[in-house]
Every structure is written in structure tokens, then in C-alpha cells.
Amino acid sequence: MLWKHFEQLAYIFTCHSAQCNDVWSMSLLEFWTFCKQRKIPTRYLNMAKIDLMFVTIDSKSQAEHEPHNPKRVFIFREFIEGIVRLSVARQKNPRNP
């Protein structure tokens, strides 16, 4: 499914992210905006849970010291991992979607 929609996901990422030193990255604040605009939060998955999900995804040491810093950034592969986790977490019962 990701392969089929890869170009669309890459486009969405670049629309909601910024380029710095030839690398596209998305801040946590930009991701929160993306989630709100796309109506991703549900009653089973609120923004606080989404925030905690990205603390586990972020592989940078910056997350250890400031996990909820809105300026904390992540790259495209971390965004894709987050999209997969969000799609599972949005279900009422993730084990039985």
C-alpha cells in the first residue's frame, strides 16, 4: 500500500515540511498542523497520543532532552513510519481493524 501511494506521500511530506541543508524535514509543529488539517485525530487517537507516538519514532538525541518541543524535526522515513503507526492506531481495535 505504501509503495502504491509513495509519490503522494512524498508530495504531502514536502508540502508540509521545510528544506534545510538539502534535506527535507518536518517539525513536530508542522506535523500537528498536518494532523489537524487532515482530521487524523479520532476519539481513539487524540493529539497527545500522536505526540507520544512520535517520541518513539524520532531517532535523534534531541528527542531525549526535549521530546515535546514543537521545533523538533524528523525526516521522510520517520514520517512514513508515523503514517503507518497512525493508520493502525486510528482503529478502535488495532488488532482487528
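Going through region 74-91 one residue at a time, which ones are among the β-branched types (Val, Ile, Thr) and modelled with pLDDT under 90?
From region 74-91, those among the β-branched types (Val, Ile, Thr) are 75, 80, 83-84, 88; that's our starting set.
Those that are among the β-branched types (Val, Ile, Thr) and modelled with pLDDT under 90: 75, 83, 84, 88.
Filter region 18-55 for residues that are farther than 13 Å from residue 90 by Cα, without any contact (Cβ under 8 Å) to a residue 24 or more places away in the chain and in contact with a helix residue (DSSP H, G or I) (Cβ under 7 Å, 6 or more places away or on another chain) and give the result.
55
Name the residue that is least open to solvent (accessible area, probe 1.4 Å), counting only residues in region 1-45 that are more than 15 Å from residue 70 (Cα to Cα) and in contact with a Lys or Arg (Cβ under 8 Å, 6 or more places away or on another chain).
As a first pass, look at region 1-45 and keep what is more than 15 Å from residue 70 (Cα to Cα): 1-15, 19-24, 37-45.
Still in the running and in contact with a Lys or Arg (Cβ under 8 Å, 6 or more places away or on another chain): 40, 42, 44-45.
Numbers: 40: 20, 42: 39, 44: 75, 45: 5 Å².
Out of the qualifying residues, it is 45.
Which one is modelled with the lowest pLDDT among residues in region 46-73 that are surrounded by 13 or more Cβ atoms within 10 Å (Cβ to Cβ) and in contact with a strand residue (DSSP E or B) (Cβ under 6 Å, 6 or more places away or on another chain)?
Checked region 46-73; the qualifying residue modelled with the lowest pLDDT is 58.
The values are calculated or read from the model by the stated rules, or taken from the named source; none is laboratory data. Note that the structure is predicted; figures quoted are calculated from it, not measured. Positions of Cβ are backbone-derived with ideal geometry, glycine not excepted, and every protein chain shown enters the neighbour counts. Areas reflect the complete protein model, heavy atoms only, side chains present, ligands, DNA and RNA absent. Shrake-Rupley method; radii C 1.70, N 1.55, O 1.52, S 1.80 Å.
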